[in-house]
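Bear in mind these aren't lab numbers, they're just calculated from the coordinates by the rules spelled out. Not measured: the values here are computed from a predicted model. When we count neighbours, we look across all protein chains shown, and the Cβ atoms used for this are built from the backbone with ideal geometry, even at glycine.
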Amino acid sequence: MSQFRRNYLNYRNMSEEDRTKLHEKITKSRADYKNAIDAIQQNLHTLGGPQPPQPSIPVPSIGELTRIREIAVKEKAKLTAKSLDALIEKQRNQQQKRAGREDINIPRKPTKEGGSKQ
């Protein structure tokens, strides 16, 4: 007879009070285990250890944003074009910071619509 089968039969033959106690014991063990894992992860975080991967949201490239902006300008969607200009500029700034070139300021050619040419 397998260990699982013996445990199952023992559980089946237990009184309701014993089952409740066993259930509480198992629940407490699971909570203790979770707390221990959380504490270890917190210590790893404070020590700078490896972090669990964070879900990343795909960010469109500046080229993609520029193409969308051009379509918005053709459709005379000025607010959309203006919003895309701000988003493109934000992307450029982030790329410059990642590259360690925060002091570089790339001039933009103004367009007829008042935005900046990409």
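Annotations
- Residue order, fewest to most beta carbons within 10 Å, for VAL59, VAL73: VAL59, VAL73
- Distance between modelled label sites at GLN41 and ILE68, nm, 7 Å Cα→Cβ extension: 3.2
- On the basis of the beta-carbon distance and an R0 of 30 Å, HIS23 and SER56 show a calculated FRET efficiency of 0.15.
- Fewest neighbouring Cβ atoms within 10 Å first, the residues SER83, SER2 line up as SER2, SER83.
- Sequence of ILE68, ILE26 once ranked by neighbouring C-beta atoms within 10 Å, starting from the fewest: ILE26, ILE68
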